[in-house]
Each structure stands twice: as C-alpha cells, then as structure tokens.
Amino acid sequence: MNYYYQKQRNPFGDLKSFFTSGSVLRNLILINVAVWILISVLMVFAFLFNASDGIVASAITEYFAVPAYLPTLFIRPWTLASYMFLHINFFHILFNMLWLFWFGQIFLQYLNSRQLLAVYLWGGLAGALLYILAYNIFPVFSADLPISRALGASASVMAIVTAISFYVPNYTINLLFIGRIRILYLAIALFVIDFFMIRSSNSGGHIAHIGGFIYGYLYIFFLKKGRDIGGIFRINLKSFTKPFLKEKKNKPKSGFRYERPLSDEEFNEKKKNKEERIDAILDKISKHGYDHLTKEEKEFLFRSGNK
C-alpha cells in the first residue's frame, strides 16, 4: 500500500496549531531554537562590547559540543547530551529543524510521542558514540583528534527519518523537481551520501549521521519483533511538556469510574481496528485529498498522531 499524505490547508494556520499543541515534537524544536537564540544574543553583545563573537562561539563549543578526545570527554560527559541541542550556524539549525518538523509529523502518525523522544535522544547518542569511536580508531583522524568537536541535532534527526522510513517504507512524499518518492529511498540516499562524504571537511558530522541511521534502523527492526529498545528514555512525558504548558484547573468530579483492564486479546483487537481505520483514512487522503475527510476523521487522525 502506498501512503501519500497531502494537506491542502493554510500553512500559517498549521504552524499556529502546531506551536500551540504542547507536543514533544514542538518542544524539541523549541529547545533547539531557544538555545540557538541565546547563543546568537550572546554573540551580539560580544560584538557591541568590541569583543570577537568567535570567542563566544569557541567557548560554547568547548564546553557543550561533544569532543572526540577521550580525556576531554571524561571531564565533560554532559556533552553527550548537550551537543544534540547545540547549533551555531543559522542554516545548520534551519535545515535540521525543517527535517525534524516534516519527518516528526510523519513519525507521529504511526508511533507515539514517547517513542519520538526516545529515538531523538538515543539516535543522537549513537551518532556521538560512532563519531568518537571512529576518531579514536582510524589513523586519518589522529591529527584532529585533540581538537575535534561535534554539535547539532543532525544525528537525532537522521535517526527519526530512518526509523519512520523503515516502519512505513511505502509512504510517499512530494519533492520539488523530483515528484513523489518513497521516504525509504530518501533515507537510503541520505545514508549513501553521508558515507561518501566522510572524506569531506566535515567527516565527524557525516559519521554521526551514520550512527543516527544505524540506531533508527535497529529501533524499528526490534520494534517490529515486539521489543521497544527505547530503554531509559521511556520517561514521564508530563515532566517534559510541563514547562511549556499552562496549568489547567480541573473541575472536581463526583464519584469515580472504574474501567476493567483489557486482556491481551482485547488490546490486540483494539489496536488492529485502529490501524485498519488509519489505513482507510490515509487511502482516502491519497485518492481525494485531506479536505475530503469528515470532521470526525480529521479529529481521529490528529488524536492518533499525538498519542
């Protein structure tokens, strides 16, 4: 089955709805953008006080980008996490956040927010570890090893792109000048490009991308076998979204409602029915467009993508 999802809506309305949703995907983008804005503000003040903005960038990179040199990594272990939210260059964060936004939304049509967060964090960590391993093994990197740093969300984004591409390999998107293409082919093409670009000046970045690709593939490989390797990142999402949401006052309820836990058979049947309905809605979108959905179908698709 080919999945082709094309919304014909007001793009500004979509963005407004997205950024007021309180979703994990929104929060990941906001954190990355907020960190970039803070760094940019510091660089402006450095300029105003007749200091080099390069000093600010170098200091931030030194303490928050992940180093390949093991002695430095041992005294700054937090960089394994901080590097995947760190951007200095405008176009670096722009393209990373666009890819995260596009493929994050596809991801949430089939998987949930907790899995998205796990793939982002584990994928970023896998990218960092492969980068560190490569720089400490291959002789070609020995001269750059003490000063090499990696930063950016690229490995995390690559993990998300790869994961959803192998989960729904027949899902198609429209690319400018190319037309419809399966996202699986796009993910594989990105992997091939990164492999051959290892010889470029940004070797560490491309190696990190490959690490994200490997994790994204393995995540879906095990998920299809019934095992979620999200591990320790199966955190309470309320703690992740709480800083970005306004508290709502709940009205007191009278009495209580008890719901019997579902048996395995009932749960699997409910899940199967839900997946069949999503497939039917996506087929309808592919044939007639998003605007031909009923209000109830749109709400069902939205709720399914944000669970």
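Computed quantities for the displayed model
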read-out: Out of Gly204, Gly179, Gly226, sole residue that is buried (at least 18 other Cβ atoms within 10 Å of the Cβ) and either in contact (Cβ under 8 Å) with a residue 40 or more places away in the chain or farther than 16 Å from Gly152 by Cβ (or both); value: Gly204
read-out: Odd one out for Phe141, checked against (1) within 30 Å of Glu297 (Cα to Cα); (2) more than 18 Å from the chain's Cα centre (by Cα); value: (1)
read-out: Identity of the residue in region 88-101, within 22 Å of Thr162 (Cα to Cα) and in contact (Cβ under 8 Å) with a residue 40 or more places away in the chain, that ends up farthest from the chain's Cα centre (by Cα); value: His92
read-out: Index of the failed condition, Ser148 passing every other in (1) within 17 Å of Gly204 (Cβ to Cβ); (2) without any contact (Cβ under 8 Å) to a residue 24 or more places away in the chain; value: (2)
read-out: Val56 loosely packed, with under 13 Cβ neighbours inside 10 Å, in the same structural domain as Ile183 (by TED's automatic domain parsing) and among the hydrophobic types (A, V, I, L, M, F, W, C); value: no
read-out: Region 48-69 residues that are under 21 Å from Leu145 (Cβ atoms) and in a loop (DSSP other than H, G, I, E, B), paired with ones that are of a type in the set (A, V, I, L, M, F, W, C) and at pLDDT 90 or above (beta carbon under 7 Å, 6 or more apart); value: Ala65/Leu86; Ala65/Ala150; Ala65/Leu151; Ala68/Ile132; Ala68/Leu145; Tyr69/Leu145
read-out: Extreme residue, modelled with the highest pLDDT, among residues of region 160-188 that are more than 22 Å from Leu117 (Cα to Cα) and assigned to a loop (DSSP other than H, G, I, E, B); value: Asn170
read-out: Selection status of Trp122, touching a helix residue (DSSP H, G or I) at 6+ places or on another chain (Cβ under 6 Å), closer than 30 Å to Tyr171 by Cβ and surrounded by 14 or more Cβ atoms within 10 Å (Cβ to Cβ); value: yes
read-out: Counted residues, region 22-39 - those being surrounded by fewer than 16 Cβ atoms within 10 Å (Cβ to Cβ) and either farther than 18 Å from Leu116 by Cβ or at pLDDT below 95 (or both); value: 4
read-out: So Arg114, is it basic (Lys, Arg) and over 30 Å from Arg303 (Cα atoms); value: no
read-out: Which listed residue, of Leu117, Leu86, Leu94, Leu111, is among the hydrophobic types (A, V, I, L, M, F, W, C) and modelled with pLDDT under 95; value: Leu111
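Quick grid of which residues meet (1) surrounded by 21 or more Cβ atoms within 10 Å (Cβ to Cβ); (2) in a loop (DSSP other than H, G, I, E, B):
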| site | (1), (2) |
| --- | --- |
| Gly127 | yes, no |
| Ala134 | no, no |
| Ala143 | no, yes |
| Ile147 | no, yes |
| Gly152 | yes, yes |
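For every residue, the table says whether it meets (1) more than 19 Å from Phe141 (Cβ to Cβ); (2) buried (at least 18 other Cβ atoms within 10 Å of the Cβ); (3) outside the structural domain of Lys298 (by TED's automatic domain parsing); (4) of a type outside the set (Gly, Ala, Ser).
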{"site": "Tyr63", "(1), (2), (3), (4)": "yes, no, yes, yes"}
{"site": "Leu73", "(1), (2), (3), (4)": "no, no, yes, yes"}
{"site": "Thr79", "(1), (2), (3), (4)": "no, yes, yes, yes"}
{"site": "Phe85", "(1), (2), (3), (4)": "yes, yes, yes, yes"}
{"site": "Ile93", "(1), (2), (3), (4)": "yes, yes, yes, yes"}
{"site": "Trp102", "(1), (2), (3), (4)": "yes, no, yes, yes"}
{"site": "Leu108", "(1), (2), (3), (4)": "yes, yes, yes, yes"}
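The values are calculated or read from the model by the stated rules, or taken from the named source; none is laboratory data. Being a predicted model, the structure only gives us computed values, none of them experimental. Methodologically, a virtual Cβ is constructed for each residue, glycine included, from the backbone with ideal geometry; neighbour enumeration extends over all protein chains shown.
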